[in-house]
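What follows is one structure encoded as structure tokens, with my remarks underneath.
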Amino acid sequence: MVSMKDLLLRSVLTSDAYDIGTVNDFHVSIEDWKVAMVSVVLNAQSKKDLGIKKIALIGVSLCIPIAHVDKVGDMVTLRIDFDHLKELPEC
């Protein structure tokens, strides 16, 4: 088991090895106390490549459903490629 705080600021990679940013938050279902989504603050290159022009003081974050997380180690690896990020909502 790993603490949530230990996962904060870990790099997040898509299945096609694109570094999109870092973990900055978690969304937990209070019905079953399971992590439902991981919030990832996008780095500048990801924002540019996704066509996001929005400026935010704390950055732009995507909510990634936990089902899209493949592996957690020194970094978090997703099951989806970069193009599928366009379908995900901002947090």
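The values are calculated or read from the model by the stated rules, or taken from the named source; none is laboratory data. This is a predicted model, so every value here is computed, not measured. Backbone-built Cβ (ideal geometry, glycine too); neighbour counts: all protein chains shown. Surface areas here come from the heavy atoms of the whole protein model, side chains and all, with no ligands, DNA or RNA. Shrake-Rupley method; radii C 1.70, N 1.55, O 1.52, S 1.80 Å.
Observations, loosely collected:
- Taking Cβ atoms as reference points and 12 Å as the exclusive limit, the residues near L13 contribute a net charge of -2, counting Lys and Arg as +1 and Asp and Glu as -1.
- Solvent exposure of the chain amounts to 66 Å² per residue of accessible area, where only protein heavy atoms count and the probe is 1.4 Å.
- Local electrostatic count, D83, Cβ distance below 11 Å [Lys/Arg +1, Asp/Glu -1]: -3
- Against the compact-protein benchmark of 2.2 N^0.38 Å, the Cα-based radius of gyration of the stretch 14-91 scales to 1.07.
- Within the accessible area of the chain (1.4 Å probe), percent carbon and sulfur: 57
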